[in-house]
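Please treat every number below as a calculation from the coordinates, not as lab data. Computed from a predicted structure; not experimentally measured. Every residue, glycine as well, gets a Cβ built from its backbone with ideal geometry; the counts of neighbours run over all protein chains shown.
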Amino acid sequence: MPASADPPGRTIRSRSWRLYRLQLALGAAGLGACVLAVATGVRAVHVRPDAAHRLDVGGVGLSYPTINVAAVVVLGLAVLGAAVIAVTATAVWGQLRAHRRLVRALPIRGPLAAHPSVLVVDAAAPLAFCAGWLRPRVYISTGVLRRLSEPELRAVLAHEQHHGALRDPLRLAVGRVLSQALFFLPVVRALHDRYADAAELRADAAALQAVDGAPGPLASALLVFGRGASGEVTGISPQRVDALLGLPVAVRLPRTLLVGGLLTIAVLVALAWRAGGSASVQATLNLPIATSQPCVLVLALVPVLTCVAAAMLRRPARG
């Protein structure tokens, strides 16, 4: 039985690694294209005191920049690139905060007997997961220890320890960040979802090996984790059920989305390169209104400051 289960597990392992590398490659290409767009937009802007057009309105000298069509394209790409960089930083910070909150909120009782690397969480709900990026740990609740038999527990621990050995929490966190940052490339999220499915199938194959290839312990353990308060079983993907039944499971590439993503990145790079050569934005940081008419500037700021103060006063007090 283990000999027949090993080739499918090895096949799923190679496919999942291929999905992850492809996701990283597309993510790096997308982020690189966005950085190129931002750099091209910055390079196209020239700030000189006498470069911009000037206009007199009511005796007040105003200035506005000169811009050509290529510069409009470059600046639009630069705005997209800046938005992607901002979303990337926000997503990374969100993943760091979520992981820190999760680890700090866990009521850890101590290590599991005979498994020092597994930490026991004092919770009645059936919980078993792997958390941590560089040094992942396996967490299991007291509710699981009360409900699972010894073979079922061995299968669950093998499943989660396989996630930790391959640093799946880190890989999934990277995939979530790339999926949020590259929102204009749907293929990145599709690859992330497929890798998550393949990671579960790969860990299930490791769990089957831990119980000598018998699907019963892992299947019954999945029912314990998937059964809700109403008794209905949810959260188990059909692919995992087919794999436990010995049916062939295929993890296919999203070929149409992949081609669309590659074309999108190529178009972004081509536009930034072609339009960047002739893009020109002539602007000035010299504000005549601030130098020749300081009182007008102060009077213009009065209503703005008044509105800000009114909004702060109307804000309800927090307990």
- [ ] Quick one: grab the alpha carbon gyration tensor of the stretch 118-159, order the square roots of its eigenvalues as a ≥ b ≥ c, and give me rounded if a/c is under 1.5, else prolate or oblate depending on whether a/b is larger than b/c.
- [x] oblate
TODO: Figure the gain on full extension for R255 and S149 (residue separation times 0.36 nm, minus the Cα-Cα span) and round it to one decimal in nm.
DONE: 33.9 nm
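Sort V35, V69 so the one with the fewest other Cβ atoms within 10 Å of its own Cβ comes first. It would help to have the intermediate numbers written out before the result.
Details: V35 14, V69 10.
By the 10 Å Cβ count, ascending: V69, V35.
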TODO: Report the local net charge at R252: Lys and Arg +1, Asp and Glu -1, summed over other residues whose C-beta lies under 13 Å from its C-beta.
DONE: +2
Task: Charge tally in the Cβ shell below 15 Å around R109, where Lys, Arg are +1 and Asp, Glu are -1, R109 excluded - done: +1
TODO: Kindly state, to the nearest 0.05, the FRET efficiency for H115 paired with V79, given R0 = 35 Å and r defined as their beta-carbon distance.
DONE: 0.10
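What FRET efficiency comes out for the pair A125/T90, r = Cβ-Cβ distance, R0 = 22 Å, nearest 0.05?
Details: r = 31 Å, r/R0 = 1.40.
Efficiency, rounded to the nearest 0.05: 0.10.
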TODO: Could you pull out every residue, at least 5 positions away or on a different chain, whose amide H is within less than 5 Å of the one on R109? Hs are placed 1.01 Å off N in the peptide plane, and Pro or chain starts have none.
DONE: V120, V121, D122
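Round to the nearest 0.05 the FRET efficiency obtained for V42 and I108 when R0 = 45 Å and r is the Cβ-Cβ distance.
Details: r = 48 Å, r/R0 = 1.08.
The computed FRET efficiency comes out at 0.40.
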